[in-house]
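Chemist: Okay, handing you the structure first.
The values are calculated or read from the model by the stated rules, or taken from the named source; none is laboratory data. Everything numeric here is computed off the predicted structure, so don't read it as measured data. A quick note on method: Cβ atoms are made from the backbone with ideal geometry, for glycine too, and the neighbour counts reach across all protein chains shown.
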Amino acid sequence: MRTILTALSVAAAFAAGPAMAQAYPNKPITMIVPFAAGGPTDVIARIAADNMSKTLGQQIVIENVAGAGGTTGSTRTAQSVPDGYTIMMGHMGTHGAAPALYPNLKYDPTKDFEPIGMVAGTPILIVAKKTFPAKDLKEFLAKAKADGDKINEAHAGIGSVSHTTCLLLNAQAGLKPTQVPYKGTGPALNDLVSGQVDFMCDQIVNLVEQIKGGNIKAYAIATPERSPALPDVPTTKEAGLPEYQVSAWNAMFAPKGTPKDITAKLNDALQKALADENTRKRLLELGAVLPDKAGQTQDALGTFVGQEVARWTPVIKASGAVGQ
Amino acid sequence: MSQSSQPGEESASKRGTQDIAAGLFLLAVAASAVFHALELPLGSLRAMGPGMLPMSLAVLLGALGIGVLVIGLLQPGDPFEKWSFRGLAFVLGSIIVFALTVRLFGLIVAGPLSMIIAGMADPQTNWKHTLIFAVILTAFSILLFKVALRLPIPIINFM
Amino acid sequence: MEQLIDNLALGFGTALSLKNLALCFLGCMVGTLIGVLPGVGPIATIAMLLPITFGIDPTGALIMLAGIYYGAQYGGSTTAILVNIPGEATSVVTVLDGHQMARQGRAGVALGIAAIGSFIAGCVATVVIAALGEPLTKLAMLFGPAEYFSLMVMGLVFAVVLARGSLPKAIAMIVLGLLLSTVGTDLETGQERLTFGVAELSDGVDFAVLAMGIFGFAEIIRNLENPEARDVVRGKIGPLLPSWADFKQSIAPIARGTGLGAILGILPGNGAVLGPFASYTLEKKIAKDPSRFGRGAIEGVAGPEAANNAGAQTAFIPLLTLGIPPNAVMALMVGAMTIHGIIPGPQVVTKNPQLFWGMIASMWIGNLMLLIINLPLVGLWVRLLKVPYSLLYPAILLFCCIGIYSINNSTSDVLFTAFFGLVGYALIKFGYEPAPLLLGFVLGKLMEEKLRQALILSRGSFMTFVERPVSAGLLLVAAVMLAIALLPSIRKSRDEVFTE
């Protein structure tokens, strides 16, 4: 069915050929966000799309296509007509961890997309319940290692950012906690605040207010530099686990075959958005880390996706986790 | 649902054919669930696997199915009602046609088409009214869903 | 106390500005509209309207979005009463007696009492949030996975205790609902379960898809086969507003419903869904003549509607005081706040008192507005029922299709509703009631998740459910209710809770 539909819509696109000769874009652009509305990726997508719409002179309409850890929306993008009117906000999960997590994945993050550009990364923090008996990361790791599976790690579901990033932590620090799966960050965080579970890893935007309010404690942030949102939280490098460097990045992609001049135009609009003071401010308030000029190019994203797939595959395969 | 039993009429002396069918229905559902849950590891009560709950619920459902079946066999009850295939076919058909056409052609085709097919379900349909209404309602939905609520639903999408 | 008054004064000062009043009104209007449309939930709409709020200050934006949320709760009851389609889990109960009232020419009364009940509940809930928000947060913190599981068990016992018709058939529907809730990806291992190889089922069945198929579409097909009974109101429309006698009959159920809903709404993980069910069960249990329930008992509309609205509002407590969203709509509100540069959390109250108290004050104002918007609309809605059924049902079908499509922009969801329409029709023909199935489905999703989390945390020991006092208490209540139900003398007075 899918293929027939795709074939028909490709035919439709050819029939619409003359219209496409007009300057791109001449109608609203759909940006697929493969997660539910209101989550970190959705928020970042909406902030970026808001400014890009102004540059492009056409509205970018967000379409949330959630499901199967973001792979449903990514599959739909990969299979849509490459005319520049369907693009997506990809993410560490959909374009990094997914190939290892989903054996039947219907797309290849490195081959089925044209990179548009990196939008923002949100750093990962290691946090624990406020009564956890460790004052810094070293003590935490020592205690967690000694306790083995007596310690409980919460995550937001198989394949979620909190799941995969903690897998990496566990592999690098040699931890073997009991994993308690939740459906989403909200319930997991709820049980961390009330002390039912011991620790978790997640994106800064989900945690920052809980840390500031003293409901949970943060041991380290997995970026090279401290975050202005949480200046008191040391980096993993300072705290003694320098190899743990991870952020939940969000980047825009178009389906394979989208004309080069169109992706270049979109990249240009994105770069303008990332240079816009108001947009920058709003993204930084989320605790996001914005790419530098070199990191904003299409090529930089293409290379980065390849590195991410290569990095996540062994970690996830070793853990035996399967998403679907 | 309004109870279909009409006291004093035909139903009293007969077997509960409705319950018999109802029990068989549950058994069929349960059997298919058991079949599909077989491939899932059960785990143990202490460490439940993915199959534990589906399997135990399916078995429980099967047991209830047998219970309902036995009640139907032993006690008088409601008779099995006739199915209306006309309503079933066209109402469900209109939904399916909507699903298949909305992304392909857009609401402008899917809307009237599904309403016309739905109209066939009812022998009392006044076609003139239904056609006019289908056009008006589609226009209204476009204004409402696309223009006012800004839902990303395709409107015109064909060659 | 004095501080509370100061805070409320600040709140009303903020909310009563002309701009915020206008935004609140707009939100309530849009909310009512989308609530009435079957399937188009607040989630899709709030998500779509987010960019529009970029230009507004955060307080105004949140006041508007909150208006959409509780406006949708109001609107949802309208659809439930008029066309027998519950838009979300919380209006399943309203369908039972509300639609029967409509069939008896009392649609106006049902809609009116729903609006008034919701208003009263909303007023009380606003005060509860303002006065007790922070201490109540601690209550929510007592609930870990074990307590949550026990609460769900109690919910299931509600259904079993009061369902009769044919007890095995009611239990079978609950079990079928539980079974349906296990469809999808396994929480712990990520394996697909009972998806029959359909990739679109990997996230399970959506509630709206199931409810619309089983209630809405099945009902349409059934109506088509008996032309005499199908026009919801033939002839007289009946009174448009509840009489004084109706009101007197409803006030106690409204009070009880408000209390139940307010408490359950605070619990994390969407405890609000239990509110209307609990209220309906309670009203039926204490009624002098329980057999009226399911045949248009006004208490069966008033109580659950109050519980629904109270719960919808107290669900803001964990969001505002903890920054942790208890359900999907609240998760979206978190997104809305973050977009506006306010990250919800324990510090919102102190850092943004204007926003916090302004929003609380706007809730009360919003409820008043909803009453003002909805009472005059009752006449319009009821007149809608005069449209000949041969025109009405294709229109309902179209709106349902668009609504279901827009939940996830997915055509497979629309196909699934057609399938569940078939299932629902079969269930009617086999003499099964759909309401227990939906209750089982709603509870099942949380139940398995919480059961397995609790067992992981206790390392496999079932003792965790009785060792923890809150959990043990809930299980005790469930056990007592079950025991009472099984005593033969009381059994006689039991009646079907889920008779439509």
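Chemist: Do we have any residue at all in the stretch B:97-120 that's more than 9 Å from chain C (Cβ to nearest Cβ), closer than 21 Å to C:Ala395 by Cα and not in a helix (DSSP H, G or I)?
Modeler: yes
Chemist: Within the stretch A:271-289, how many residues turn out to be touching a strand residue (DSSP E or B) at 6+ places or on another chain (Cβ under 6 Å) and under 21 Å from A:Leu56 (Cα atoms)?
Modeler: Number satisfying all stated conditions: 1.
Chemist: Output the number of residues of the stretch C:459-475 satisfying the condition of being among the hydrophobic types (A, V, I, L, M, F, W, C), surrounded by 13 or more Cβ atoms within 10 Å (Cβ to Cβ) and free of Cβ contacts under 8 Å to residues at least 12 places away in the same chain.
Modeler: Going through the stretch C:459-475 one residue at a time, the tally reaches 2.
Chemist: Taking the stretch C:338-377 as the search range and keeping residues that are small (Gly, Ala, Ser) and not in a loop (DSSP other than H, G, I, E, B), which one is farthest from the other protein chains (Cβ to nearest Cβ)? First the steps, then the outcome.
Modeler: First pass over the stretch C:338-377, keeping only residues small (Gly, Ala, Ser): C:341, C:345, C:358, C:361-362, C:366.
Among the residues that remain, those that are also not in a loop (DSSP other than H, G, I, E, B) are: C:358, C:361-362, C:366.
Numbers: C:Gly358: 19, C:Ala361: 23, C:Ser362: 20, C:Gly366: 19 Å.
If we take residues in the stretch C:338-377 being small (Gly, Ala, Ser) and not in a loop (DSSP other than H, G, I, E, B), then C:Ala361 is farthest from the other protein chains (Cβ to nearest Cβ).
Chemist: If you go through the stretch B:121-154, how many residues are at the interface with chain C (Cβ under 7 Å from one of its Cβ atoms), in contact with a Phe, Trp or Tyr (Cβ under 9 Å, 6 or more places away or on another chain) and assigned to a loop (DSSP other than H, G, I, E, B)?
Modeler: Matching residues across the stretch B:121-154 total 5.
Chemist: Need pairs with beta-carbon distance below 7 Å; first residue closer than 8 Å to C:Ser390 by Cα and within the stretch B:114-131, second surrounded by fewer than 18 Cβ atoms within 10 Å (Cβ to Cβ) and not β-branched (Val, Ile, Thr); sequence gap 6+ or separate chains.
Modeler: B:Gln124/C:Pro227
Chemist: In the set A:Met88, A:Met52, A:Met92, which member is away from every other protein chain (no Cβ under 11 Å) and under 19 Å from B:Pro154 (Cα atoms)?
Modeler: Of A:Met88, A:Met52, A:Met92, the one residue that is away from every other protein chain (no Cβ under 11 Å) and under 19 Å from B:Pro154 (Cα atoms) is A:Met88.
Chemist: Scan the stretch B:34-51 for residues that are part of a loop (DSSP other than H, G, I, E, B) and facing another protein chain (nearest Cβ under 7 Å) and jot them down.
Modeler: Answer for the stretch B:34-51, where residues must be part of a loop (DSSP other than H, G, I, E, B) and facing another protein chain (nearest Cβ under 7 Å): B:Leu40, B:Arg46, B:Ala47, B:Pro50.
Chemist: Condition first: away from chain B (no Cβ under 11 Å), at negative phi, surrounded by 23 or more Cβ atoms within 10 Å (Cβ to Cβ) and not in a helix (DSSP H, G or I). Can you find one or more residues in the stretch C:119-140 that meet it?
Modeler: Checked against the condition, which is being away from chain B (no Cβ under 11 Å), at negative phi, surrounded by 23 or more Cβ atoms within 10 Å (Cβ to Cβ) and not in a helix (DSSP H, G or I), the stretch C:119-140 yields no hits at all.
Chemist: Please count how many residues of the stretch B:66-91 are facing chain C (nearest Cβ under 7 Å) and small (Gly, Ala, Ser).
Modeler: Residues in the stretch B:66-91 being facing chain C (nearest Cβ under 7 Å) and small (Gly, Ala, Ser): 3 in total.
Chemist: Could you look through the stretch C:406-421, keep only residues that are within 21 Å of the chain's Cα centre (by Cα) and facing chain B (nearest Cβ under 7 Å), and pick out the one that is surrounded by the most Cβ atoms within 10 Å (Cβ to Cβ)?
Modeler: So the residue we want is C:Thr417.
Chemist: From A:Ala97, A:Ala134, A:Ala128, grab the single residue that is crowded, with 16+ Cβ neighbours inside 10 Å, under 29 Å from A:Val193 (Cα atoms) and under 19 Å from the mean Cα position of the chain (by Cα).
Modeler: On the way: A:Ala134 fails: under 19 Å from the mean Cα position of the chain (by Cα); A:Ala128 fails: under 19 Å from the mean Cα position of the chain (by Cα).
The unique qualifying residue is A:Ala97.
Chemist: From the set of residues in the stretch B:52-65 that are touching a Ser or Thr at 6+ places or on another chain (Cβ under 9 Å) and within 7 Å of chain C (Cβ to nearest Cβ), which is farthest from B:Met120 (Cα to Cα)?
Modeler: The selected residue is B:Leu53.
Chemist: So which residues in the stretch C:102-111 are surrounded by fewer than 24 Cβ atoms within 10 Å (Cβ to Cβ) and closer than 20 Å to C:Glu283 by Cα, if there are any at all?
Modeler: Answer for the stretch C:102-111, where residues must be surrounded by fewer than 24 Cβ atoms within 10 Å (Cβ to Cβ) and closer than 20 Å to C:Glu283 by Cα: there is none.
Chemist: As an exercise: evaluate C:Ile81 against (1) surrounded by fewer than 24 Cβ atoms within 10 Å (Cβ to Cβ); (2) of a type in the set (A, V, I, L, M, F, W, C); (3) modelled with pLDDT of 85 or more and give the number of the one condition it does not meet.
Modeler: (1)
Chemist: Could you please give the count of residues in the stretch C:182-212 that are more than 9 Å from every other protein chain (Cβ to nearest Cβ) and within 27 Å of the chain's Cα centre (by Cα)?
Modeler: Residues meeting the conditions: 11.
Chemist: How many residues does the stretch A:267-282 hold that are within 14 Å of chain C (Cβ to nearest Cβ) and more than 20 Å from C:Pro58 (Cβ to Cβ)?
Modeler: Qualifying residue count, the stretch A:267-282: 1.
Chemist: Restricting attention to the stretch C:1-16, does a residue exist that is under 21 Å from C:Pro344 (Cβ atoms) and within 21 Å of the chain's Cα centre (by Cα)?
Modeler: Taking every residue of the stretch C:1-16 in turn, none turns out to be under 21 Å from C:Pro344 (Cβ atoms) and within 21 Å of the chain's Cα centre (by Cα).
Chemist: Just to be sure I understand the filter: pairs with C-beta atoms under 9 Å, separated by 6 or more residues or on different chains, first member in the stretch C:232-259 and closer than 19 Å to C:Gly311 by Cβ, second member of a type in the set (Phe, Trp, Tyr) and at pLDDT 85 or above. Which pairs pass?
Modeler: Listed pairs, sorted by first residue: C:Gly257/C:Tyr280.
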